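Structure, as structure tokens:
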Amino acid sequence: MQNATVMAGGHIRFPLGTITLLTAIYAAGYLAWERSAWGSVEIRDLIGNLAFMPLNLAVLTLNALASRLSVLDPGVRRALRLLAAGAAAVFTGNAISVLYLVAWQQNPPVSWADLFYLSDSLLLVAALLCFPLARRTRLEFRKFGLDAAMVLAGGGTAIWFFSVRPLVASGESNLVVTLLAFAYPLASMVVLLGITTVLLRRPTDGNRLAFGLLVGGVLTSIIADLTFNWVLVETGGRSASWIDAVYLLCYVMLIASGEWYWRRPVPHVARPTLRRPRIQPLSPLPYLAVASTYVLLLSTALQPWIDPVSGLAIGALLVTALLVARQLLAVRENVRLLTETAARQNERRFRSLVQHSSDVIVVIRPSGEMRFVSPSATRVLGYDPAELVGRPISAVLHQDDAERSATFFAEAMRAPGVTGPTELRFRQPDGSWLHAEILATNLLGDST
């Protein structure tokens, strides 16, 4: 491990990862205490709430400090501020829980703390959508809203069917606990939809390790929240020691993310606006929500068979399945048309650029065959471009340059960007040789 270094002014700068390591040690100590079963139930509940508050403050502080770094992308800085606000909301919720324990000696299954815990999910989704993505348009946000509505409707139906309906039927739980058991998994589903949307749209920010740790921490928190909800429904209480271990793992990852953003930020690089249409992949979650709802409907309608409801349910399922299949085919066709349109636009732009260029521009296939030759070849080389298209470029090169040209083009195909310059000899129609300096640009990654 690196030694701590002393900065100008006497401030000590600890090695990168120190805060994360201390957090992991703190988490291990807490779990060891929890397994020791030391203290009364009241003391254990109090320590259980107090123990997470320093972690909330660590996430808040690290993200707030990182959000002040001007080298980061403005979208990343907004996201970090929202993450800090979410950590503040969780800290407030934990403080309210401690107040219940200290002032009123209560650990209720439902309290005002839940309002702050749930608000953290909304802030988290907003933070995820602030990260710079490959493309962000008003239409994309509308699509996200519709996807979120479908996931909420489908997920809410499943939660009602498996959790809320049995609770209401049994009469063993009050309405507020039932609503809370409904709210937490819904919030987790919205966060999961936000993560899926961001990953499918490929964040363009260079802080990949920090972002990966953030996503890992959020996914871990979703697992912990859903498990917490199950325990709340089954026992009516909040305590479950092994759930704390999952939450602690979540905090280790979130603190590591904040520390990386703060201590090793990747500077923002201005990227040119892409003119070519970018095809955005579809999120699978809305379709899974629709499928799960129909599975529940079909399983209920067929056991037992209820005429005519069961028949109508089967018909609705078939019509919806065909509609989804038709939509997927339409999307596939639209993707093909967009790709062809982009290719034609790029080809027209390319031809307009090279038509009057004084340099000879040649597009070569990986096999060495000339695919396009600019009109300036007539003036410079003495050939009509149509004579050269379809022939290997080696056919007009000096045989003594064959090995050097093969090495040059092989290097150009391996390395993206510009390769060269190098000098090669080209045979002209009258048998003379033209010494020319050439550059190669690798466009193999360009599908158009």
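The values are calculated or read from the model by the stated rules, or taken from the named source; none is laboratory data. Computed from a prediction, not measured in an experiment: that's the story for all the values here. No Cβ is skipped: glycine too gets one built from the backbone with ideal geometry, and neighbour counts run over all protein chains shown.
A few notes on this one:
- Counting only strands (runs of 3 or more DSSP E) that fall entirely inside the stretch 360-448 and contain at least 2 residues that are at pLDDT 90 or above and crowded, with 17+ Cβ neighbours inside 10 Å, the qualifying elements are 417-427.
- The residue pairs whose first member lies in the stretch 417-438 and is of a type outside the set (F, W, Y), whose second member is loosely packed, with under 11 Cβ neighbours inside 10 Å, and whose beta carbons are closer than 7 Å, counting only pairs six or more residues apart or on different chains, are P421/E437; E423/H435; E423/E437; R425/H435.
- Scanning the stretch 97-116 for residues that are of a type in the set (A, V, I, L, M) and in contact with an Asp or Glu (Cβ under 9 Å, 6 or more places away or on another chain) gives a single hit, L101.
- Any hit, the stretch 76-87, residues being touching a residue at least 12 places away in the same chain (Cβ under 8 Å), out of contact with any Cys (no Cβ under 9 Å at 6 or more places or on another chain), under 21 Å from V215 (Cα atoms) and among the charged types (D, E, K, R): no
- Test for V98: is it in contact with a helix residue (DSSP H, G or I) (Cβ under 6 Å, 6 or more places away or on another chain), among the β-branched types (V, I, T) and in a helix (DSSP H, G or I): yes
- Of the helices (runs of 4 or more DSSP H) lying entirely inside the stretch 133-240, those carrying at least 3 residues that are modelled with pLDDT under 80 and surrounded by 19 or more Cβ atoms within 10 Å (Cβ to Cβ) are 138-159, 175-200, 208-235.
- Checking each residue in the stretch 40-75 for being free of Cβ contacts under 8 Å to residues at least 60 places away in the same chain, part of a loop (DSSP other than H, G, I, E, B) and surrounded by 18 or more Cβ atoms within 10 Å (Cβ to Cβ) picks out A51, S67.
- Among the criteria (1) over 29 Å from Y261 (Cα atoms); (2) assigned to a helix (DSSP H, G or I), the one L129 does not fulfil is (1).
- Residue within the stretch 402-425 that is in contact with a Leu (Cβ under 8 Å, 6 or more places away or on another chain) and polar (S, T, N, Q) present: yes
- Yes/no for A103 being in contact with a Leu (Cβ under 7 Å, 6 or more places away or on another chain) and among the small types (G, A, S): no
- Unmet requirement for S352, which otherwise passes all of (1) surrounded by 11 or more Cβ atoms within 10 Å (Cβ to Cβ); (2) among the small types (G, A, S); (3) out of contact with any strand residue (DSSP E or B) (no Cβ under 7 Å at 6 or more places or on another chain); (4) at pLDDT below 85: (1)
- Evaluated against (1) surrounded by 15 or more Cβ atoms within 10 Å (Cβ to Cβ); (2) of a type outside the set (D, E); (3) at pLDDT below 65, R275 falls short on exactly one condition, (1).
- Failed criterion for P108 (all others in (1) more than 28 Å from the chain's Cα centre (by Cα); (2) farther than 21 Å from P54 by Cβ; (3) in contact (Cβ under 8 Å) with a residue 40 or more places away in the chain hold): (3)
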